[in-house]
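To keep things clear, I will list the structure first and then write my remarks on it.
What follows draws every value from the coordinates through simple rules; no lab data is involved. Just so it is clear, the model here is predicted, and its values are computed rather than measured. Don't worry about glycine lacking a Cβ; one is built from the backbone with ideal geometry, like all the others, and counts go over all protein chains shown.
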Amino acid sequence: MTTAAPMPLPFPFAAIAGQPQLRQALLLAAVDPALGGVLIEGPRGTAKTTAARALAELLPGAPFVTLPLGASLESLVGTLDLGQALAGHELKFAPGLLARAHGGVLYVDEINLLPDALIDSLLDAAASGVNVVERDGISHRHAARFVLVGTMNPEEGTLRPQLLDRFGLCVQLRNIDDAAGRQAIVRARLAFDADPAAFRAKHAQAESELSAALARARARLADASALPYGDAVHDAVCALCIEAGVDGLRADLVMLRSARALAAWEDAEAITTDHVQRAAEAVLLHRRKPEAAGAPPAKAATPAPAPRGTETNGTSRTSGAADEDWGAMPPEPVGIERVKPLRPLIASRPQAAPKKA
């Protein structure tokens with residue numbers, strides 16, 4: 001008989017240093033989970049998983065659910081309870097990971113490696129707060145309001161633009177190249193690993209203040225009459241989205257919601273253009289067109305003039321271009337010698353003499 005091992009204590013959110021954009025994006029998504037989640041891009045070892053686990057602890061009683069890389073669609077959205085069905089009872093719904101994550105944080109590591117069907121279901125539930133299941137003879141829906149946190153390493157591929165656009169916010173982490181900053185992070189991690197309880201006690205007051213501020217911001221956001229804004233906010237949002245060349249209007253809506261969540265977090269009286277400006281980058285990072293970011297638009301490559309010694313078909317025997325088929329040889333004319341047709345074999349054989357009677 002095996003004994004269940006206790007879960008390790010999470011690193012305090014208040015002690016996470018060196019990633020201000022990540023902290024802000026996660027807090028805004030926690031204030032308003034309807035934003036559609038946070039996509040965190042970055043190399044290995046940049047505190048992506050640590051930050052997601054720490055965020056769940058700021059929400060009292062919130063579950064932290066991890067979606068395994070090899071999970072099926074049934075385990076995510078739920079399916080028919082086969083035990084009840086085979087026993088001859090009525091059809092019953094067996095909840096999935098979306099139901100378990102309600103009210104908490106759903107963490108998906110390497111989300112870019114998941115099948116598109118799973119990502120679609122994740123993003124649908126994250127944006128609507130409801131999981132709808134219509135399969136296996138079951139028609140069921142249940143609340144699924146959670147903070148979706150997805151991570152990916154760009155070296156392992158990316159998501160299709162249609163899926164990227166459905167994430168509310170995006171943060172791109174980079175390796176810290178400041179020596180003092182790196183040393184401070186390493187010292188904090190070593191101190192936590194040496195004595196997690198003492199390290200957490202040191203940051204307990206800051207953690208309590210963050211949790212209380214998050215609860216107040218959520219309460220303010222629930223009041224529809226709170227946090228008014230005028231035409232200047234709309235103008236700022238519209239100008240930023242047009243400048244970024246985004247498709248559709250989802251960016252406008254998410255930017256307004258993000259600015260409202262930021263104003264609620266800061267306990268402001270109203271939403272201002274400053275809130276819009278500070279929330280804009282996380283909204284536009286994964287939606288901005290390359291040419292809007294300063295990169296030249298993609299053009300068809302113009303073939304260069306053929307150098308001397310090039311064959312008539314435009315292929316050089318000594319060219320080392322990367323786009324050539326390595327080892328390919330150009331066609332060459334081959335001399336053909338006309339060959340006389342052979343006589344039929346049956347005509348060249350001697351006739352057998354007739355047998356005498």
With each pseudo-label sitting 7 Å past Cα toward Cβ, what's the residue 145-residue 243 distance in nm, one decimal? 3.4 nm
Subtracting the Cα-Cα distance of residue 130 and residue 162 from 0.36 nm times their residue separation yields 9.4 nm
Student exercise, the stretch 227-293 dipole from Lys, Arg, Asp, Glu Cβ charges, in Debye to nearest 20: 320 debye
Between residue 212 and residue 184, 0.36 nm times their residue separation minus their Cα-Cα distance comes to what? 7.4 nm
Rounded to the nearest 20 Debye, what is the dipole magnitude of the stretch 170-290 about its Cα centre when Lys and Arg each give +1 and Asp and Glu each give -1 at the C-beta? 460 debye
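Hey, with R₀ at 22 Å, roughly what FRET efficiency would residue 174 and residue 110 work out to, going by the Cβ-Cβ distance, to 0.05? Could you put the intermediate results ahead of the total?
Details: r = 19 Å, r/R0 = 0.84.
Result of the calculation: an efficiency of 0.75.
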Could you work out the per residue convex hull volume over the alpha carbons of the stretch 227-293, in cubic angstrom? 69 Å³
Testing the spin-label approximation: label points 7 Å from Cα along Cα→Cβ at residue 266 and residue 120. State their distance in nm. 4.0 nm
Rounded to the nearest 20 debye, dipole of the stretch 13-222 from Cβ charges on Lys, Arg, Asp, Glu: 700 debye
